[in-house]
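Below is one structure; the comments refer to it alone.
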Protein chains: 2
Amino acid sequence: MMKKISKILLSEKEMPRQWYNIAADMPNKPLPPLDPATRQPIKPEALAAVFPMELIKQEVTTERYIDIPDEVLELYKTYRPSPIFRAYNLEKALGTKSKIYYKYEGGNYSGSHKANTAIAQAYYNKKEGIKRITTETGAGQWGCAMSYACNYFGLELLVFMVKVSYNQKPGRKIMMNSYNARVIPSPSNLTDAGRKVLESNPDSPGSLGIAISEAMEIAVQDPYTKYALGSVLNHVILHQTIIGQEALIQMSKTDDYPDVVIGCLGGGSNFSGIAFPFLRENLVNGKKTRLLAVEPSSCPKLTKGKFMYDFGDSSGFTPLLPMYTLGHNYIPAKIHAGGLRYHGAGTLISQLKKDGLVEAKAKMQRECFEGAILFAKTEGILPAPESSYAIAGALDETRKADIEGTPKTILFNLSGHGHFDISAYEKYYENNLPDHEMTDEEIATAISGLDFPD
Amino acid sequence: MMKKISKILLSEKEMPRQWYNIAADMPNKPLPPLDPATRQPIKPEALAAVFPMELIKQEVTTERYIDIPDEVLELYKTYRPSPIFRAYNLEKALGTKSKIYYKYEGGNYSGSHKANTAIAQAYYNKKEGIKRITTETGAGQWGCAMSYACNYFGLELLVFMVKVSYNQKPGRKIMMNSYNARVIPSPSNLTDAGRKVLESNPDSPGSLGIAISEAMEIAVQDPYTKYALGSVLNHVILHQTIIGQEALIQMSKTDDYPDVVIGCLGGGSNFSGIAFPFLRENLVNGKKTRLLAVEPSSCPKLTKGKFMYDFGDSSGFTPLLPMYTLGHNYIPAKIHAGGLRYHGAGTLISQLKKDGLVEAKAKMQRECFEGAILFAKTEGILPAPESSYAIAGALDETRKADIEGTPKTILFNLSGHGHFDISAYEKYYENNLPDHEMTDEEIATAISGLDFPD
């Protein structure tokens, strides 16, 4: 018989009332976003056509802690604080001497961590009189999270869903519809950005970059419509720090402290959410936790991309952002972890990677699914394909520690469940899940011709 | 903006340590199961080929409270106590003056209440040296619950899945596979029972009754193999009373006490699980809570079936059980709430219905989906098709109370989430979800020729 499972819970009273802003403690502050026309730092007001003012303020602030509004806390309380589990059964199956903990963010209505920022973004938009939101979604976690949050606060939502995911995961579309959202496969004929892509490639699988262009194009046409992004940006990452803020308190209730904290990386929000509060402990309190982002080998911006200014979307609607990027026109391979198919990493995470304060590695999809299935068998929860990259990273760390004979304490973020991704598991069992690794030549091609200042 | 949501949580320390056995407090004890050959009460030992002794004892005991073993409690603690939510947003959408509470049992690895008995049954089998379990599953909730529980305790599992659900819900099969279980669509060619059905009807959609026959047939062939049932039986219902035991404590933390407690009904386990602890309060402490079971109009055993002795399975392997039944050969219409497609109600619930201590009503599938979608929009959680019958029952009670001008406190059991049932929602949106109502003629035909003593 397997050993007991331990769950570390917090009471509602122990839930953090503030988000944590890493910008306050970074040794090198992030470079400013630039106006593509002038190459000069963009003024916050220039973003007002796209985002409500409160989120723009959060995007640029260096205040260390930001109060979470009561209205947001109320909805957080329906699913937060989220549990941390000690993965006793996984440890036993591995025969490891290391300790593995995971924070589970899939226990809410949306099935992933995306609810944490969806609720906040919908709230601030509502508060400023906005009527309608446009957004993109990859695998659909963000779209589902935003659909319910918008419906809750009485906002309309239009979602551009990356076409390959729209076809792979029909369940997510229906769930968004159930929350009153309208869902369009991207690239679409609704926008100039989409039409341009379809003209050159009618079979385009789409990408998060294209879907962002489409959503932004619609948003800027109407003053009562704003755009919402599910990752990458500073304010999104800020909202996700509730994960790590809770985890710090939870770990303090054990005799352990993590040697390494791990998350999967698409734009960077779930990784940053769990990692940044621990990074602060490194920077301010002399802790030495390693912070490891795990990205797909098919979309390896942090491990093989170039740190430079690039657009956040494929059409060049956004300001130029300083980031590790594979080029804003790059269309990643159709892996099932749709949420990781993004060409760049957020500004904060990119600067921290450049400064050697966070680490990154890239993994192939099949090995990640193997880890996910071992995890499901032992711990019970079927992981989202995205989260499987964090699991694979944790398994690597466990093996390394066992080989070196130095057991570690490992904490990873299980960002979501895989109930809507079951077709990907089916393909794994059918041995029909190809691996993709972006070659150096592909990377050189993807980045060539981008001459932005770095 | 909508009103705040309230969540009523219990700490692990407050979790009940005992299951509650309604047999101890029933004014009329249930009639005994009969040996089909002799028509005499069956001896508990006769069940030993099918079930471990501890579960047989629980099946026949009249002890009021049964201690939950530590090993079961440990796994319960990974997801229990489960929350009760006050459905403020649903209330607001309805404009009702009534208060609606729901207990959410979908937050565990299996996505439904079935984990509560799966863990207990796997534990007792393992403790008695059993190596392998066979079982049936309808929509797959029970199969998934049992797959992980068996894997956790080191038991093999063979699942006969009702063919229509096997085809409607492929995700559930893959999830069971991920937990190491083998899944066979039923009727199958693996058993005499299955072959007999296929001979007379090669296109049979299957039924829970047929799947039970197949699973039992395999189990009795090997002393190290036992059979497990996901509903109907007394010991299954016993394990589910953890739901109502928790709910009693949770409601005591509010200023409210339920006027009516509602659950959907297939074999009776989730309804009985939440209702029986409240029924005890009626019987012993003078409370007057109505207990309402909601079943499908296509399978209306409690509202239109006959109270008599009948088999629990289609082939007549089981003892004769005193129950409201539509006849053990009845194959219900292919509604999406596969877990409710069972011809009979458990012995305990049948006796209580006969004695007027619980109520029942039947609902059509389309109206239930309408309720489920309203619930998802307002409360966020996408319900299992089965649970939508409980929601529809709660909405009826709300409307009635508003018409009568006497606001009520309503508590229902949201027995599971619908993440694997999204194709059913798709069919609803496509207006392709037929209603079925079993006619009096169909009922007369289904029951005719069954001449067991009643």
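The values are calculated or read from the model by the stated rules, or taken from the named source; none is laboratory data. Here the structure is a predicted model, which is why all the values come from computation and not from measurement. We place every Cβ from the backbone using ideal geometry, glycine too, and count neighbours over all the protein chains shown. Accessible surface is based on the protein model in full, side chains and every heavy atom, while ligands, DNA and RNA are left aside. Shrake-Rupley method; radii C 1.70, N 1.55, O 1.52, S 1.80 Å.
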Query - About the Cα centre, charge dipole magnitude for the range B:207-335 (Lys/Arg +1, Asp/Glu -1 at Cβ), debye - result: 340 debye
Requested in this report: Give the nm distances, rounded to one decimal, from B:Ala24 to the matching residue in every other copy, measuring between label points 7 Å along Cα toward the beta carbon; shortest first.
Outcome: 5.4
Report task. Calculate what fraction, in whole %, of the accessible area of chain B sits on carbon and sulfur atoms when a 1.4 Å probe is rolled over the protein chains. Result -> 49 percent
Report summary line: Taking alpha-carbon centroids only, the range A:24-79 lies from the range B:8-84 a number of Å equal to 56 Å
**Report entry** Helix-only [θ]222 nm of chain A, DSSP H runs n ≥ 4, -39500 (n - 2.57) each, per residue, nearest 500
**Finding:** -12000 deg cm²/dmol
Query raised in the report: In degrees between 0 and 90, to the nearest 10, how far off the longest principal axis of chain A does helix A:208-219 point, with axes built from Cα atoms?
Result: 50 degrees
**Report entry** Within the protein assembly as shown: Cβ-based charge dipole about Cα centre, in debye rounded to nearest 20 (Lys, Arg +1; Asp, Glu -1)
**Finding:** 1240 debye
Requested in this report: With all protein chains present, calculate the accessible area of B:Met26 using a 1.4 Å probe and round the result to the nearest 10 Å².
Outcome: 10 Å²
Query raised in the report: Helix B:385-404 versus the longest principal axis of chain B: what is the Cα-based angle in degrees, 0 to 90, to the nearest 10?
Result: 40 degrees
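What shape does the range B:74-228 have by the C-alpha gyration tensor, where a ≥ b ≥ c are the square roots of the eigenvalues, rounded means a/c under 1.5, and otherwise prolate means a/b greater than b/c and oblate the rest? If you can, show how the numbers build up before the last one.
Details: a/c = 2.82, a/b = 1.49, b/c = 1.89.
Oblate, because a/c is 1.5 or more while a/b does not exceed b/c.
In debye, nearest 20, what is the charge dipole magnitude of the range A:371-426 about its Cα centre with +1 on Lys and Arg Cβ and -1 on Asp and Glu Cβ, if you could check?
Working: 4 positive and 8 negative charges, 28 e Å.
Once rounded to the nearest 20, the dipole reads 140 debye.
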Query - Distance between the range B:271-316 and the range B:210-239 - C-alpha centres, whole angstrom - result: 21 Å
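What's the average, rounded to a whole number, of partner chain beta-carbon atoms within 10 Å of each residue's beta-carbon in B:178-190? Could you put the intermediate results ahead of the total?
Values: counts 12, 6, 3, 0, 0, 0, 0, 0, 0, 0, 0, 0, 0.
Averaged over the peptide's residues, the number is 2.
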Query - Amide hydrogen neighbours beyond the local backbone of A:Phe311, cut-off 5 Å, H modeled - result: A:Leu321, A:His328
Report summary line: Between A:Tyr257 and B:Tyr257, Cβ-based FRET efficiency (R0 60 Å, step 0.05) works out to 0.85
Query - Per residue, in Å², the accessible surface of the protein assembly as shown once ligands and nucleic acids are set aside, probe 1.4 Å - result: 33 Å²
Requested in this report: Collect residues whose amide H, placed 1.01 Å from N in the peptide plane, falls under 5 Å from the amide H of A:Ser6; neighbours closer than 5 in sequence don't count.
Outcome: A:Arg86, A:Tyr88
Query - Which of A:Ala337, A:Val72, A:Tyr389, positive extreme of dipole for the protein assembly as shown (C-beta unit charges) - result: A:Val72
Query raised in the report: Hey, got the average number of other protein chain Cβ atoms within 10 angstrom for residues in B:149-155?
Result: 3
Report summary line: Charge dipole of the range A:1-129 built from unit charges on the beta carbon (Lys, Arg +1; Asp, Glu -1), centred at mean Cα; most positive-end Cα among A:Phe85, A:Leu10, A:Pro30 is A:Phe85
Requested in this report: Kindly give the distances from A:Ile403 to its copy-mates, label point to label point, with each label point 7 Å from Cα along Cα→Cβ, as nm values to one decimal ordered shortest first.
Outcome: 7.2
Query - At q = 0.17 Å⁻¹, base-10 log of I(q)/I(0) for the range A:125-178 (Debye sum, equal scatterers on each alpha carbon) - result: -0.48
Report summary line: Among B:Val261, B:Asn285, B:Phe311, the residue whose Cα sits farthest towards the positive end of the charge dipole of the range B:234-383, when +1 is placed on the Cβ of each Lys and Arg and -1 on the Cβ of each Asp and Glu, is B:Phe311
Query raised in the report: So who's got an amide H within less than 5 Å of the one on A:Thr409, skipping anything under 5 residues away but keeping other chains? H placed 1.01 Å off N, in plane.
Result: A:Lys99, A:Asp259, A:Val260
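What does the net charge come to around B:Tyr166 if you take all other residues with beta carbon closer than 9 Å to its beta carbon, with K and R at +1 and D and E at -1? Before the final figure, lay out each step's value.
On the way: positive: B:Lys163, B:Lys169, B:Arg172, B:Lys173; negative: none.
Once positives and negatives cancel, what remains is +4.
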Query raised in the report: Counting pairs of alpha carbon atoms under 8 Å apart in space and at least six apart in sequence, what relative contact order in percent does chain B give?
Result: 19 percent
Query raised in the report: Hey, which residue of A has the C-beta nearest the axis mapping A onto B, and what's the distance in Å?
Result: A:His419, 2
Report task. Kindly give the distances from B:Leu190 to its copy-mates, label point to label point, with each label point 7 Å from Cα along Cα→Cβ, as nm values to one decimal ordered shortest first. Result -> 4.6
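Count charges around A:Thr62 for me, please; just the other residues with Cβ under 12 Å from its Cβ, Lys/Arg as +1, Asp/Glu as -1. Write out the running numbers ahead of the final one.
On the way: positive: A:Lys29, A:Lys57, A:Arg64; negative: A:Asp25, A:Glu59, A:Glu63.
Its environment carries a net charge of 0.
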Query raised in the report: What accessible area, summed over both chains, is buried at the A-B interface (1.4 Å probe, Å², nearest 100)?
Result: 3700 Å²
Query raised in the report: Helix A:365-379: angle to the longest alpha-carbon principal axis of chain A, degrees 0 to 90, nearest 10?
Result: 50 degrees
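Could you order the peptides B:127-136, B:41-50, A:168-177 from most to least packed, using the average number of other C-beta atoms within 10 Å per residue? Don't jump to the answer; show the numbers that get you there.
Working: B:127-136: 20.4, B:41-50: 14.9, A:168-177: 23.2.
With the highest mean Cβ count within 10 Å placed first, the list reads A:168-177, B:127-136, B:41-50.
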Report summary line: Between A:Val220 and B:Asn431, the two model label points (7 Å from Cα along the beta-carbon direction) sit apart by a distance in nm of 4.0 nm
